[in-house]
Amino acid sequence: MHVNDRAANKLPFRKPTGWYSYMNRRPATRRELLQAGVSMIGIGVAFLPKVAITAAPQFPLSTTVVDENSGIGTTDNHRPLPALPLPVGTRVSAIGDSHIGYGVYAGTPLVPGPSNTFAVGYSMANGFIEWARALDPRFDHDSWYDIADPTGRNISGANQGIFGAHLEWNNQAPTGILTRLPVLLSKRPAVIILEGGTNSINSGDIAGRNSPAAAADIIAKLDKGLQLARAGGAWVILMTIYPRGDWPKNDVRHKAIAASNDWIRAQQGRDGVLGVVDGNDDILAPGGIQDLTMYEQDKIHLAPKGARKIGKEKLLPILQAAISAGSTFNSDPAVENLAGANMGRLDGVEGDKADPEIMGQIPSGFRCGIGRNAATVACSIDELEGAIRGARLAVTPTDNNDAAYTHVQFNANPIATAGILVPGDWIYAAMFVEQLAGDQLGTARIVFKLQQGKILLRSVGGLWTSSGDFAHPVGAAKEGWWIKTNPFLMPDLPFNTLKCDLDITSDKKGTPFTVRLSRFIIRKIADPRLT
């Protein structure tokens, strides 16, 4: 963020309120790929949701003469575009400003704290790309905490969104999106999501002036970005610019967004463009009126409800049409699971109930408790396909705490790491969650922790949201999705325990709802920095 934009105080940026992580810049991750088209075990709803696609896009293929030795910086010669459909596990990278960065955002440096001699790092994942992957994990968008990141932000991987980033500075180039694009293209991604322009329209691309950019400037720079991507042989998914509610109603900058979006929409079918993600008219601003239920309180960034809707209804159909069906990880919890096959399948009925308001059976190895504002949680265990079991939690909210939300915890018992993990190992955690009844679920998130005794060393979140969003329904009903963390490094520090907590929230004044949890997985992976 440029100092001038801090003064303007109108950039897509807000101070983090929890553990977050936005990540950047490393080669693609080696994934445990299943065969393309292999079906996943059903548990009442399809793992790979059947998002309606009215007609599969007829993707344009280049007729340009290909020069295999062409450089990234030229638009005279084009590298070939990867053939469609792309294989399951295709890396989807993204570059832009905070609208991309909110997907994986870091809020705590990897340094010792005043009362802690260990290095603590937090990260999260919640954004429209993360939601698309949660609903259908056929593509790779992994990022991870990495102190070797050349930007100094301790972030590496597919997400290259920088908070406050402008399209391209006209008088200097610290964080410009187009300035960073050649580095991304040099990694040879098959697909990139290109987003940007709102900061440029807000305060311009001449550092120190605070002079809003016109639509013509935005169009010229996005056109340059598309040319660079096409020359580099990467398919592009282009984003329209979100409506903003922080400017006065008749501010000329609204017109600049509208004119820019007209041009962006017209790029559908352009050589190298897979599709345009545009939710302005029917999701974010139907009838031209901004729907603030889709936004954070700043009226700039998408709330989880908006992120989920854009990810599911706009981004995912493009990816499903372009990438073969399958999954980037094995969904069988009995395979190479550090939690053990029994815990992974949710076997047994010896789990703990932390509060008298919790009734029924809890799977062995887990503990259910009420954080606040739940009258009852009725628990039962469902027998699913493939010797898999699901923990059903029927939550009845109540109002007995000042907080605006109901909070129910479903925690795995601590797992000893001795003999199974050493410094330098990489792992991830995952769990499948469904909303079976009601539509009140505010968030379901994993908080995955590495500890030495009671001392926290590292933490990573899956579909993490801040407490300001806990009471707001995410918009899901009778649907299932994966909560999966990004890759997680075991540090060169003493550690002995893994903890994994699942938080479930809703509006305390809302109606009862039922969720089901299944397939608890903790699994080693190869070092993502080396592949």
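See the values below:
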| read-out | value |
| --- | --- |
| Cα-Cα pairs of the range 160-291 separated by more than 22 Å (percent) | 35 |
| Principal axis box of the range 288-359, alpha-carbon based, largest edge first, Å | 54, 43, 18 |
| Average accessible area per residue (Å²) across the range 399-509 - probe 1.4 Å, nucleic acids and ligands excluded | 32 |
| Apportionment of accessible area to carbon and sulfur, the range 421-531, percent (1.4 Å) | 53 |
| Set Lys449/Lys484; Lys187/Lys221; Lys224/Lys314; Lys454/Lys499 screened for pairs whose C-alpha atoms are more than 19 Å apart | Lys187/Lys221; Lys224/Lys314 |
| Solvent exposure of the range 227-312 as accessible area per residue, Å², 1.4 Å probe | 37 |
| All lysines inside 22 Å of Lys508 as judged from Cα atoms, apart from same-chain residues fewer than 8 positions distant | Lys305, Lys353, Lys478 |
| Solvent-accessible area, 1.4 Å probe, carbon plus sulfur percent, for the range 271-329 | 49 |
| Cα pair distances of the range 454-526 binned at 5 Å [whole percent] | 3, 9, 21, 21, 17, 12, 9, 5, 2, 0 |
| Asp246 paired with Asp271, simple spin-label distance in nm, labels 7 Å along Cα-to-beta-carbon | 3.9 |
| Pairwise label distance in nanometres, Lys299 with Ala416, each label 7 Å out on the Cα-Cβ vector | 5.7 |
| Segment Ser380-Glu350, length gained on full extension (0.36 nm per residue, minus Cα span) | 9.6 nm |
| Diffusion coefficient, µm² s⁻¹, Stokes-Einstein with Kirkwood Rh over alpha-carbon pairs of the range 173-239 at 25 °C and 0.890 mPa s | 196 |
| Modelled label reach - Ala259, point 7 Å along Cα→Cβ, the range 159-179 residues with backbone N closer than 16 Å | none |
| Asp282-Lys224 pseudo-label distance in nm [points 7 Å out on the Cα-to-Cβ vector] | 3.4 |
| For the range 280-330, alpha-carbon Rg relative to the globular expectation (2.2 N^0.38 Å, N residues) | 1.41 |
| The range 154-220 - percent of accessible surface contributed by carbon and sulfur, probe 1.4 Å | 50 |
| Extended-chain gain in nm, criterion 0.36 nm per residue less alpha-carbon gap, Lys454 and Asn400 | 16.4 nm |
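The values are calculated or read from the model by the stated rules, or taken from the named source; none is laboratory data. All values derive from a computational prediction rather than experimental measurement. Counting neighbours? That spans all protein chains shown, and the Cβs are built from the backbone with ideal geometry, glycine included. Only protein heavy atoms, including side chains, enter the accessible area calculation; ligands, DNA and RNA are left aside. Shrake-Rupley method; radii C 1.70, N 1.55, O 1.52, S 1.80 Å.
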